[in-house]
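S.K.: My questions will all concern the structure given below.
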Amino acid sequence: MKISLPLILVNFKAYDNALGKKAETLAKTCEKASAEFGCSIAVAVQPGDIYRVSKAVSIPVFSEHIDAVEAGAHTGYVLAKNVKENGAVGTLLNHSEHRIKIDDLEDSVDIARKEGLLTVVCASNDEIAQAAASFDPDFIAIEPPELIGTNISVSSARPELVTSSIQRVNSVSQIPILCGAGIRTGDDVKKAVELGVKGILVASAVTLSKDPYSVLESFCKAIKSQHQ
C-alpha cells in the first residue's frame, strides 16, 4: 500500500483504552478524521488487534513490532508474515519501549521488505537515524525517549535534533522523516512540519484523550495549513 504524505501515525501502544473492541473504536475515529479533514492517518496496534482493526477500517494498519524471525520453529515471536496476512501494511521497529539490537533491526527491515510490509524505524538521536538509514526503511521516526509521553514536544524543545536528523539521513538516502515525542497540539505539529518532517508519530495525545477526534482535527488542520 502506498502511504500518502504528510502522515499522522497513531501508536496505540498497550493502553487499556486502545485494546480489543476499544482499538476498533479508536481506529474508526482516526478513519473519520482522515476522511473529514483530508489528511493521511494510519494506526499502529497490538499484533492481536491487527485482524479486527484492519477489517473495521480502510486506513492503513501497522503492527507495533515484528521480530527478526521467519516462519518456522519459533514460539512467542511476532512474525512479519503473520501480521501481513492478518491485515497489516507495515510495522514499527525499534521504538524506545521496544528497542532492537542493530543486527536484529537490519534483519527485521529485510524480512519486512520481503513480506511486503512498510517499515517505520524509530531513532532516539540523529546518529541512530543515520545508521538506520543504511537499512533503507520506508520511514524513520525521530523520538528522543526523555520527551515521550510528556507535554514538551521535540519540535519545540529540540528542533536542532530534528533538523540534524533530516540532514544525516538525507546524506544516506531520501527517506521520509517522521517526528514524535511530546507532540500534543496543532502548534507542535506546525513547528515539526516547518522543520522539514513528512509527518508525525503520536501516541498518548490521541489514545489517552477524552476527545481524540478533536486532537486529530487540530493535527490535520496544522498540517494542511503548511501544505496549501
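No value in this document is a laboratory result; all are computed from the given coordinates. Since the structure is predicted, the reported quantities are computational estimates derived from the model, not experimental observations. Please note: Cβ atoms are built from the backbone with ideal geometry, for glycine as well, and neighbour counts cover all protein chains shown.
S.K.: Run the dipole for the chain about the Cα centre, Lys and Arg Cβ at +1, Asp and Glu Cβ at -1, nothing else charged, and hand back the magnitude in debye, nearest 20.
M.R.: With only Lys, Arg, Asp and Glu charged at Cβ, the dipole is about 740 debye.
S.K.: Taking the number of other C-beta atoms within 10 Å as the exposure measure, put 77, 15 in order starting with the fewest.
M.R.: 77, 15
S.K.: Let me ask you something else. Under a crude label model (7 Å from the Cα following the beta-carbon direction), how far is residue 114 from residue 51 in nanometres?
M.R.: In this crude label model, residue 114 to residue 51 measures out at 2.4 nm.
S.K.: Shifting gears a bit: For the chain, what class follows from the C-alpha gyration tensor (a ≥ b ≥ c being the square roots of its eigenvalues): rounded when a/c is under 1.5, otherwise prolate if a/b is larger than b/c, else oblate?
M.R.: Note, shape of the chain comes out oblate.
S.K.: What residue among 17, 144, 131 has its Cα farthest toward the positive end of the dipole of the chain, where the charges are +1 on Lys, Arg and -1 on Asp, Glu, each on the Cβ?
M.R.: Among 17, 144, 131, the one farthest towards the positive end of the dipole of the chain is 17.
S.K.: Looking at 76, 189, 164, which one has the Cα that reaches farthest to the positive end of the dipole of the chain (charges on Cβ: Lys, Arg +1; Asp, Glu -1)?
M.R.: 189
S.K.: Amide H to amide H under 5 Å from residue 78: which residues, 5+ apart in sequence or cross-chain, H placed 1.01 Å off N in plane?
M.R.: Answer set, sorted by chain and number: 67.
S.K.: Also, I was wondering about something else. In a Gaussian network model over the chain where Cα atoms closer than 10 Å are linked, find which of 40, 134, 124 has the largest mean-square fluctuation.
M.R.: Checking each option, the largest mean-square fluctuation is seen for 134.
S.K.: Could you identify which residue out of 25, 75, 119 has the top mean-square fluctuation in a GNM of the chain using Cα springs shorter than 10 Å?
M.R.: With Cα springs under 10 Å in the chain, the top fluctuation among 25, 75, 119 is at 75.
S.K.: Taking amide H positions as placed in the peptide plane 1.01 Å from N, state which residues far from residue 41 in sequence (5 or more) or on other chains have amide H under 5 Å from it.
M.R.: 8
S.K.: Same structure again: Which value at 222 nm does the chain reach when only helices count, each DSSP H run of 4 or more adding -39,500 (n - 2.57), with the total divided by all residues and rounded to the nearest 500 deg cm²/dmol?
M.R.: -12000 deg cm²/dmol
S.K.: How many angstrom separate the Cα center of region 184-228 from the Cα center of region 19-94?
M.R.: Distance between centres, Cα-based: 20 Å.
S.K.: Across region 18-33, in residue order, what do the Karplus-derived ³J(HN,Hα) couplings come to in whole Hz, using 6.51 cos²θ - 1.76 cosθ + 1.60 with θ = phi - 60° and x for Gly and Pro?
M.R.: 9, 10, x, 4, 5, 5, 4, 5, 5, 4, 5, 5, 4, 4, 4, 5
S.K.: Enumerate the amide H contacts of residue 91 below 5 Å, restricted to partners 5 or more residues apart or on another chain; note that Pro and chain-start residues carry no placed amide H.
M.R.: 63, 118, 119, 120
S.K.: As an exercise, use a Förster radius of 45 Å and the Cβ-Cβ distance of residue 187 and residue 73 to find the FRET efficiency, rounded to the nearest 0.05.
M.R.: For R0 = 45 Å, the calculated efficiency reads 0.30.
S.K.: Turning to a different aspect of this structure: By how many nm would the segment from residue 4 to residue 102 lengthen if fully extended, with 0.36 nm per residue of separation less the alpha-carbon distance?
M.R.: Between residue 4 and residue 102, full extension yields an extra 32.4 nm.
S.K.: Continuing with this model, one more query. So if each residue of separation counts as 0.36 nm, and I subtract the Cα-Cα distance between residue 172 and residue 25, what length gain in nm does that give?
M.R.: Working it through step by step, the gained length comes to 49.0 nm.
S.K.: Here's another thing I want to ask about it. Using 0.36 nm times the number of residues separating residue 225 and residue 136, minus their current alpha carbon distance, what extension gain do you get?
M.R.: 29.0 nm
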